[in-house]
Every structure is written in C-alpha cells, then in structure tokens.
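Colleague: Before anything else, here's the structure in question.
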Amino acid sequence: MANKKFRLVDAILSVITVVFVAEAAAPAAAIGNSQFFWWIFLIIAFLLPYGLVVSELGTTYDDEGGLYDWVRRAFGDKWGSRVSWYYWI
C-alpha cells in the first residue's frame, strides 16, 4: 500500500459517495425516473467543468491552492476573503 495514487475511478467513486448520501436518496426517489436525466445534466453542466477548472488551477500554482489563493492572486485580499466566505456559506 506504499504506492497510493488518486485515480479516475477514485474520483468518480468520491463524487458518487458525496452526491448520493442518505439525505439525497429520498428526494431523488420521489422525483422518479426523470432523476437520471437531471443527474447526468448536472454532472455534465456543473461537476465536469468545475473539476476541470479546479484541476487546472491546482496544477498551475505552487501555493497550497484553494479558492482563496486563486482569487487573492487575481483580485486582491479583499475579494479573496469575500469569495472564500461566500463559498462556505
């Protein structure tokens, strides 16, 4: 187990675990079969582009990374603080 790598399969399983928690199972079941369209739509429209942006920013900068560092570099400390605060709200 010394050779630990975060593979694509690990990323996909992580997203499935986060998205399909117990709190989301009941509302998704209430929607019915149309939920599959919406899950696929959300993955394509939000999760895939978001993942690509975060992976690009994370590999570009040598800092610890994260939303605060990226926005702070682009717009300054004031906006970095605001964006990180809004992200957690």
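Colleague: Which trypsin sites (Lys or Arg not before Pro) does the chain hold that lie in a coil by DSSP with at most 11 other beta carbons within 10 Å? Don't skip to the answer; put the middle values down first.
Modeller: Values: sites: Lys4, Lys5, Arg7, Arg72, Arg73, Lys78, Arg82; in loops: Lys4, Lys5, Arg7.
The qualifying sites are Lys4, Lys5, Arg7.
Colleague: Take Phe75 and Trp39, extend 7 Å from each Cα along the Cα→Cβ direction, and tell me the distance between the two endpoints in nm.
Modeller: It works out to 3.4 nm between the two label points.
Colleague: Follow-up question, since we're still on this one. Considering only protein heavy atoms and a probe of 1.4 Å, how much of the accessible area of the chain is carbon and sulfur, as a whole percent? All intermediate terms of the calculation are to be shown ahead of the outcome.
Modeller: Working: 5300 of 7760 Å².
Carbon and sulfur together cover 68 percent of it.
Colleague: Label 7 Å along Cα→Cβ of Val83; the range 40-57 residues with amide nitrogen under 16 Å?
Modeller: 50-57
Colleague: Per the Debye formula with a single identical scatterer at each Cα and no solvent contribution, what log10 I(q)/I(0) holds for the range 4-82 at q = 0.24, 0.25 Å⁻¹?
Modeller: With no solvent term, the Cα-only Debye profile gives -1.13, -1.16.
The values are calculated or read from the model by the stated rules, or taken from the named source; none is laboratory data. These figures come from a predicted structure and were not determined experimentally. Positions of Cβ are generated from backbone atoms using ideal geometry, with glycine treated the same way; all protein chains shown enter the neighbour counts. We work out accessible area using only protein heavy atoms, side chains counted, and drop any ligands, DNA or RNA first. Shrake-Rupley method; radii C 1.70, N 1.55, O 1.52, S 1.80 Å.
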